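Please read the structure below before turning to the comments.
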Amino acid sequence: AVYWATFVLGILVVLGLFGVNVTPLFAVFGGLSFILGFALQETLGNLASGLMIMVLKPFDTGDYIQVGGASGFVDDMSVVSTKIRTFDNQIIVVPNSKIWGDVITNVSASPERRVDLVFGIAYSDNAQHAIDVLKELVEAHPMCLKSPKSEIFVGELGDSSVNIFCRPWSKSDDYWTVYWDLTGQAKERFDAEGISIPFPQRDVHLIQDQGTSAAN
């Protein structure tokens, strides 16, 4: 684009030096440039955003990112758009202006990640017992890191359950394996240990109308 713009301007300047009235041509050229710029403003915005992404590098090919309402692995990058491959192998093409104008979460930026798990147990169960079970599972899992140290504690008293937060660390590539393994293992161990995982419950109290009671 710069080459052809310079070429056309050079031709107009040379014609002007030879005495040709190029004022109308400059006007036409200016009008065309305005129309072309207006028509390509989205593309130019994507181009500028793509250059910023390439210079600042908030992510790279192969990283897992969450941006522009999409999440997945960066499959390909260009100055105009970015291709994201989802877990189910769909390809999402996101314009770079949407990416640069949004919050970018690069999940793969750090080599280690904290796995956040929440297990709800009944109020009648022993919370410390459940914590000890989860500690055993985390210590026995080969993909849970010894450092940083995992944290397991009562984090919330919910409406229907005591919620225990389990926060081990793992390599970023092992995140989902640890997440799914501990979820399944906790369910099996809780059943074996007699620790219940309650479902939402409500106590309904019926208040009899005093007027109706007197009439009866």
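Taking 7 Å steps out from each Cα toward its Cβ at Trp4 and Val79 produces label points 1.4 nm apart. What is the sum of charges, Lys and Arg at +1 and Asp and Glu at -1, for the other residues whose Cβ falls under 9 Å from the Cβ of Ile195? Summing Lys and Arg as +1 and Asp and Glu as -1 gives -2.
For the range 70-107, the set of chymotrypsin sites (Phe, Trp or Tyr not before Pro) satisfying both a DSSP loop assignment and a count of at most 12 other C-beta atoms within 10 Å is given as Phe87.
Put Leu56, Leu9, Leu206 in order of accessible area, highest first, and with a 1.4 Å probe you get Leu206, Leu56, Leu9. Straight-line cross-link reach from Lys187 at under 19 Å between alpha-carbon atoms covers these lysines, not counting any fewer than eight positions away in the same chain: Lys135. Each of Leu17 and Asp102 was given a label point 7 Å from its Cα along the Cα-to-Cβ line. The distance between the two points is 5.1 nm. Modelled label positions at Asp60 and Ser172, each set 7 Å beyond Cα in the direction of Cβ, lie 1.0 nm from each other.
What a 1.4 Å probe finds exposed on the range 49-131 is 53% carbon and sulfur by accessible area, rounded to a whole percent. Annotation: lysines with alpha-carbon distance below 17 angstrom to Lys83 (same-chain offsets under eight excluded): Lys57, Lys98. Excluding ligands, DNA and RNA, the accessible surface per residue across the range 41-188 is 57 Å² with a 1.4 Å probe. Computed with a 1.4 Å probe on the full set of protein chains, the accessible area for Arg189 sits at about 60 Å². With a 1.4 Å probe rolled over the protein heavy atoms of all chains, the accessible area of Leu145, Leu117 falls in the order Leu145, Leu117, largest first. First select every other residue whose beta carbon is under 10 angstrom from the beta carbon of Pro148; then total the charges, Lys and Arg +1, Asp and Glu -1. The answer is +2.
In summary, the aspartates and glutamates within cross-link reach of Lys149, defined as a Cα separation below 20 angstrom excluding same-chain residues under 8 places away, comprise Glu112, Asp116, Asp132, Glu136, Glu139, Asp173, Asp174, Asp181.
The residues packed around Lys171, meaning those with a beta-carbon under 11 Å from its beta-carbon, carry a net charge of -2 if Lys and Arg are +1 and Asp and Glu are -1. Here the calculated FRET efficiency for Glu193 and Ser71, from their Cβ-Cβ distance with R0 = 45 Å, stands at 0.80, rounded to the nearest 0.05.
The values are calculated or read from the model by the stated rules, or taken from the named source; none is laboratory data. Worth saying up front: this structure is predicted, and the values here are computed from it rather than measured. Cβ coordinates were reconstructed from backbone atoms using ideal geometry, including for glycine residues, and neighbour counts include every protein chain displayed. For accessibility, only protein heavy atoms count, side chains too; no ligands or nucleic acids. Shrake-Rupley method; radii C 1.70, N 1.55, O 1.52, S 1.80 Å.
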